[in-house]
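Visitor: Below you will find the structure I want to go over with you.
The values are calculated or read from the model by the stated rules, or taken from the named source; none is laboratory data. Every value quoted in this text rests on a predicted model; they were computed, and no experiment measured them. Using ideal geometry, Cβ is built from the backbone for each residue, glycine included, and neighbour counts are taken over all protein chains shown.
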Amino acid sequence: MTTQAQGSGRESGDAAALTWLNWWTTDCLLQADPSWWRGKVRLPESPQRHDWLYVNAAQLHRHFSLPQRLPPDPFSSLMHVSLMQIGALDTAQRETVLRLMARVCQPTRHVERDDAEGIWCERLAKALRPGLWLPASITFSTSSPSMPLIVGYQDALLLLRTRYGDACWPHLRLLFPRDGYRDGENCDPVPTVSVPAARLNALCDALIWKASVPA
């Protein structure tokens, strides 16, 4: 490898690390679901947002219970890329990730021919076979039909938390509605869900890609 190529590689790596650090400290707040900004703290209008987030980062991290620690090493895996891809989705696309996860992991017996999304989910389910490795506690059901739709995605959020780990969960949860997780305000570890990491990673990556593709 030439010196020029080595220098280019270092610059690319430095840029990726800086992008990840910026997302960890401020951009995750900028991309947070609107429900997180409906309390005492309100996000300013667009022109002032970045400066305001930068100046008030420490106070906002306390307000949203974000631990004061460095982000995971971006060079140890590509997890940070996947996590930032969720952040780049809009609100409807993030909801699509959760909905698709429920459809893939709890497939219907008969999919209509004109249900393109259902056919895609059925094919992914056949490839990854989630029914063989998901624990019985993952049911994708609500305790009451009157509950908000997002509450029915608690198991999908639990799988996302398992995929990205407790270190990333405080930041990840901000991307979804505040009342969507049974433990939404709490960043403490939850009971471990034992699933094959490679299968879960492939599932999440496929769903994020599908949600990002224009309908």
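Visitor: Would you mind finding the one in Phe176, Phe140 that is under 28 Å from Ser65 (Cα atoms) and at pLDDT below 90?
Guide: Working: Phe176 fails: at pLDDT below 90.
Testing whether each residue is under 28 Å from Ser65 (Cα atoms) and at pLDDT below 90 leaves just Phe140.
Residue-by-condition table, conditions (1) surrounded by 13 or more Cβ atoms within 10 Å (Cβ to Cβ); (2) in contact with a Leu (Cβ under 9 Å, 6 or more places away or on another chain); (3) touching a residue at least 60 places away in the same chain (Cβ under 8 Å):
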site: His61; (1), (2), (3): yes, yes, no
site: Leu78; (1), (2), (3): no, no, no
site: Leu89; (1), (2), (3): yes, yes, yes
site: Arg99; (1), (2), (3): yes, yes, no
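Visitor: Let me ask something else. Might you let me know whether region 147-155 holds any residue that is at pLDDT 95 or above, farther than 27 Å from His63 by Cβ, of a type in the set (D, E, K, R) and in a helix (DSSP H, G or I)? Give the steps one after another, and end with the answer.
Guide: Taking region 147-155 and keeping what is at pLDDT 95 or above, we get none.
No; the residues of region 147-155 include none that is at pLDDT 95 or above, farther than 27 Å from His63 by Cβ, of a type in the set (D, E, K, R) and in a helix (DSSP H, G or I).
Visitor: Cβ-Cβ below 7 Å, separation at least six or inter-chain, first residue in region 109-133 and in contact (Cβ under 8 Å) with a residue 60 or more places away in the chain, second surrounded by fewer than 17 Cβ atoms within 10 Å (Cβ to Cβ): which pairs?
Guide: Leu128/Arg199; Leu128/Ala202; Trp133/Pro196; Trp133/Arg199
Visitor: Within region 27-70, work out how many residues are of a type in the set (Asp, Glu) and in contact with a Pro (Cβ under 7 Å, 6 or more places away or on another chain). Show your work before the answer.
Guide: Residues of region 27-70 that are of a type in the set (Asp, Glu), as a first pass: 27, 33, 45, 51.
Filter once more, so that each one left must be in contact with a Pro (Cβ under 7 Å, 6 or more places away or on another chain): 33.
So the count comes out to 1.
Visitor: Here's another thing I want to ask about it. Is it the case, given these coordinates, that Pro67 is surrounded by 17 or more Cβ atoms within 10 Å (Cβ to Cβ) and part of a loop (DSSP other than H, G, I, E, B)?
Guide: On the way: surrounded by 17 or more Cβ atoms within 10 Å (Cβ to Cβ): no; part of a loop (DSSP other than H, G, I, E, B): yes.
Taking the combined requirement at face value, the residue does not satisfy it.
Visitor: Arg38: loosely packed, with under 14 Cβ neighbours inside 10 Å, basic (Lys, Arg), closer than 25 Å to Ala17 by Cα and modelled with pLDDT under 95, yes or no? Before you say what the answer is, go through the steps one by one.
Guide: Numbers: loosely packed, with under 14 Cβ neighbours inside 10 Å: yes; basic (Lys, Arg): yes; closer than 25 Å to Ala17 by Cα: no; modelled with pLDDT under 95: yes.
Here the answer is no, as Arg38 does not meet what is asked.
Visitor: Let me ask something else. Determine, yes or no, whether Thr96 is touching a helix residue (DSSP H, G or I) at 6+ places or on another chain (Cβ under 7 Å) and modelled with pLDDT under 90. Even if it seems obvious, please write down each step before you answer.
Guide: Numbers: touching a helix residue (DSSP H, G or I) at 6+ places or on another chain (Cβ under 7 Å): yes; modelled with pLDDT under 90: no.
Spelling it out, it is not the case that Thr96 is touching a helix residue (DSSP H, G or I) at 6+ places or on another chain (Cβ under 7 Å) and modelled with pLDDT under 90.
Visitor: Follow-up. Considering only region 11-26, I want to know if a residue exists there that is part of a loop (DSSP other than H, G, I, E, B) and closer than 16 Å to Pro170 by Cβ.
Guide: Of region 11-26, the ones part of a loop (DSSP other than H, G, I, E, B) are none.
No, region 11-26 contains no residue that is part of a loop (DSSP other than H, G, I, E, B) and closer than 16 Å to Pro170 by Cβ.
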